[in-house]
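The values are calculated or read from the model by the stated rules, or taken from the named source; none is laboratory data. If you're wondering where the values come from, they're calculated on a predicted model, not measured in any experiment. All Cβ positions, even for glycine, are placed from backbone atoms using ideal geometry, and neighbour counts span all protein chains on display.
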Amino acid sequence: MKIEKIKDMGFFNRESETEQIVDILKFNPRLITFVYGPINSGKTTLIMDLIENLPPDYVVFYVNLRGKFISDYSDFIESLFEINRESKKKRDTIQEFTKGVLAGAGKYYGIPIPENLLDVVFKDNEPKNVFEYITEVMKEIKRNKRQPILIIDELQVIGDLKIDEYLIYKLFNFFIRLTKELHLCHVFALSSDSLFIEKVYSEAMLQERCEYLLVDEFDEQTTKKFLGKYNLGGEEQDVVWQYVGGKPTHLITAILAKISGTEIEKTAKRLLKIRKGQVEEVLYSLKDEDKEMFDEVIGILRNFSGDDKMKYVHVSHGIRFLTKQNILFVDPVEKIIKPQSKTDLIAIRGILKEMKN
């Protein structure tokens, strides 16, 4: 049996977002860039494509906190660094070690560190030791006429981690130092947790020190172009858009259905049915537990009976609940809330219609 591998299915037509990132990289580091958007909208895919296509005068350090259990400082350090256990000589210095880093591929999944320096970094359980080491590495890279880039994916994982105070605030101060103060390193922080981004957006310490890049699901035109690339015809494209919209993960499911010979409409309806059932379970479980909150939540959802988004003044308890359940997405830059995807929007409308009957 011959299996045809499909490459780069998830990345398509992100020219606008890519151009914004390229424009940022043209200048000396000055701001922290928060890359945000609904879940599974393609944020990590965008960044990974960027990493693979950067010219050699950039050195990228990519740290992905997704799926990692981080309960204390040691867990954070382990997640942040890529330990080089071959470098054990006590005479090794940051300068000597960085020469090897610069001679490498220019792309690292963690901050490289020789094993013999770990004791220094862990000393006194102080984040400042970590930050000082990273700063020295970035300075050495800059001295060698290369531009470092630090990317932290799913930053919200450490949002509630405390040492003597919240670690995230120390990290923000460090990012500010790397970018706005020292102009050493470009910093990109990714998050699919829109409540975390909403909190970040309101932080006084970050005002005029960061910018925000939204990566949303595809619009109708881009969705159909993407599907057409994988030989879905016009009617099939219409069906996919009608039932599941432009979320890349849903489009990939439709494409795989096409390849396997499964009926596209059947696949699209199944995706919608599954999501509708998930949303119903959340809502009716809430009704059993807290009728007052249920009524508030349904009142919020009724705004989407005719509109696909709504303005908000503040994030109420009901909005917070729906966002934590990944039913709604909060965009603090535009001050709007909307369903996480078109599938969620259609599911919400179906549930509200059934409630009336």
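Looking at segment 243-268 only, could you name the residues that are within 25 Å of GLU15 (Cα to Cα) and touching a residue at least 24 places away in the same chain (Cβ under 8 Å)?
Filtering segment 243-268 for residues within 25 Å of GLU15 (Cα to Cα) gives 244-256.
Once the filter is applied, which keeps residues that are within 25 Å of GLU15 (Cα to Cα) and touching a residue at least 24 places away in the same chain (Cβ under 8 Å), segment 243-268 yields VAL244, GLY245, GLY246, LYS247, PRO248, THR249, HIS250, LEU251, ILE252, ALA254, ILE255.
Let's see how each residue does on (1) surrounded by fewer than 15 Cβ atoms within 10 Å (Cβ to Cβ); (2) in contact with a helix residue (DSSP H, G or I) (Cβ under 8 Å, 6 or more places away or on another chain); (3) of a type in the set (A, V, I, L, M, F, W, C):
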{"site": "TYR108", "(1), (2), (3)": "no, yes, no"}
{"site": "TYR133", "(1), (2), (3)": "no, yes, no"}
{"site": "ILE141", "(1), (2), (3)": "no, yes, yes"}
{"site": "ASN144", "(1), (2), (3)": "yes, yes, no"}
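Out of segment 116-158, which residues are more than 20 Å from ILE70 (Cα to Cα) and touching a residue at least 60 places away in the same chain (Cβ under 8 Å)?
Residues satisfying the conditions are ILE141, LYS145, ARG146, GLN147, PRO148, ILE149.
Residues that are under 23 Å from ASP193 (Cα atoms), at pLDDT below 95, assigned to a loop (DSSP other than H, G, I, E, B) and not charged (D, E, K, R): does segment 288-311 have at least one?
Checked against the condition, which is being under 23 Å from ASP193 (Cα atoms), at pLDDT below 95, assigned to a loop (DSSP other than H, G, I, E, B) and not charged (D, E, K, R), segment 288-311 yields no hits at all.
Filter segment 312-328 down to the residues that are part of a helix (DSSP H, G or I) and surrounded by fewer than 16 Cβ atoms within 10 Å (Cβ to Cβ) and list them by number.
Step one: of segment 312-328, the residues part of a helix (DSSP H, G or I) are 317-324.
Within segment 312-328, HIS317, ARG320, LYS324 qualify.
Checking ILE300 against (1) closer than 13 Å to ILE336 by Cα; (2) of a type outside the set (Asp, Glu); (3) loosely packed, with under 13 Cβ neighbours inside 10 Å: exactly one of these is not met. Which one?
Failing condition for ILE300: (3).
When you look at GLU263, is it of a type outside the set (A, V, I, L, M, F, W, C), over 22 Å from GLN221 (Cβ atoms) and in the same structural domain as GLN325 (by TED's automatic domain parsing), yes or no?
Values: of a type outside the set (A, V, I, L, M, F, W, C): yes; over 22 Å from GLN221 (Cβ atoms): yes; in the same structural domain as GLN325 (by TED's automatic domain parsing): yes.
Taking the combined requirement at face value, the residue satisfies it.
Looking only at segment 87-127, filter to residues that are modelled with pLDDT under 70 and touching a Pro at 6+ places or on another chain (Cβ under 7 Å); which one of those is farthest from ILE151 (Cα to Cα)?
ASP92
With the structure loaded, tell me whether VAL59 is part of a strand (DSSP E or B), in contact with a Gly (Cβ under 6 Å, 6 or more places away or on another chain), in contact (Cβ under 8 Å) with a residue 24 or more places away in the chain and crowded, with 17+ Cβ neighbours inside 10 Å or whether it fails that test.
Numbers: part of a strand (DSSP E or B): yes; in contact with a Gly (Cβ under 6 Å, 6 or more places away or on another chain): yes; in contact (Cβ under 8 Å) with a residue 24 or more places away in the chain: yes; crowded, with 17+ Cβ neighbours inside 10 Å: yes.
Against the criterion (part of a strand (DSSP E or B), in contact with a Gly (Cβ under 6 Å, 6 or more places away or on another chain), in contact (Cβ under 8 Å) with a residue 24 or more places away in the chain and crowded, with 17+ Cβ neighbours inside 10 Å), VAL59 qualifies.
Looking at segment 146-155, which of its residues are surrounded by fewer than 20 Cβ atoms within 10 Å (Cβ to Cβ) and either in contact with a Leu (Cβ under 7 Å, 6 or more places away or on another chain) or assigned to a helix (DSSP H, G or I) (or both)? Write out each step before concluding.
First pass over segment 146-155, keeping only residues surrounded by fewer than 20 Cβ atoms within 10 Å (Cβ to Cβ): 146-147.
Of everything in segment 146-155, just one residue is surrounded by fewer than 20 Cβ atoms within 10 Å (Cβ to Cβ) and either in contact with a Leu (Cβ under 7 Å, 6 or more places away or on another chain) or assigned to a helix (DSSP H, G or I) (or both), namely ARG146.
Just for segment 69-86: of the residues that are at pLDDT 70 or above and more than 16 Å from ASP153 (Cα to Cα), which one is surrounded by the most Cβ atoms within 10 Å (Cβ to Cβ)?
Of the residues in segment 69-86, the ones at pLDDT 70 or above are 69-82.
So of that shortlist, the ones also more than 16 Å from ASP153 (Cα to Cα) come out as 71-74.
Values: SER71: 8, ASP72: 12, TYR73: 17, SER74: 11.
Among those residues, the one meeting the criterion is TYR73.
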